[in-house]
1. Can you check what the net charge comes to around residue 132, using other residues whose Cβ is under 15 Å from the Cβ of residue 132 (Lys, Arg +1; Asp, Glu -1)?
2. From the backbone phi of the range 116-121, what are the Karplus-calculated ³J(HN,Hα) couplings (6.51 cos²θ - 1.76 cosθ + 1.60, θ = phi - 60°) in whole Hz, Gly and Pro given as x?
3. What are the aspartates and glutamates whose alpha-carbon lies under 18 Å from the alpha-carbon of residue 65, with same-chain residues fewer than 8 places away excluded?
4. Classify the range 2-143 from the C-alpha gyration tensor, please: rounded if a/c falls under 1.5, else prolate or oblate depending on whether a/b exceeds b/c.
Amino acid sequence: MNKHNNGFKCTHCQSYISTDSHRSGVNNRNHCPHCLWSRHVDANQAGDRSSACKSGMEPVGLTVKKIKKKYGNPTGELMLIHRCLGCGKISINRIAADDDSNVLYKVFEASFRLDNFTRDRLQAEGIDILGFGDENIVRTQLFGFNSTLEG
């Protein structure tokens, strides 16, 4: 994704993406809201744009930002997991307000079929990928309700 002015063209689906933070709700837009693919542009921290790799980053699953609560289970906002197709780097990115919820749910479903190598790698990096048992969390955060319980 080549960032210029207030946007970039997605290298995966070719859509033009605005980087306006008022629209996306994030300060460092790093993925396409339509296909959720990203480009490996950050090296050390979000927004540094200093990576030499520049390869496509595939959305491979969802996780939650771990927030410790005084009572109950530690849960937080949904986060998108990307894997670089060039160098293999794994990164976690905030979901933006304009991301397509249906596509996010499809990424969640597709993650059930991830290969063991990728699952082991995520675990080694301390990333808890959401699975089938987390469907209620995902549906509630993406759609505002658990549609499996609704009529």
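Values in this text are rule-based calculations from the coordinates and carry no lab data. Values in this document were obtained by computation on a predicted structure and should not be read as measured data. Here the Cβ is made from the backbone with ideal geometry for all residues, glycine too, and neighbour counts use every protein chain on show.
1. Details: positive: 106, 113, 119, 139; negative: 109, 128, 134, 135.
Every neighbour counted, the sum reads 0.
2. Calculated HN-Hα couplings, in order: 5, 4, 5, 4, 5, 5 Hz.
3. Reachable aspartates and glutamates: 77, 99, 125, 128, 134, 135.
4. On the way: a/c = 1.61, a/b = 1.34, b/c = 1.21.
Prolate, because a/c is 1.5 or more and a/b exceeds b/c.
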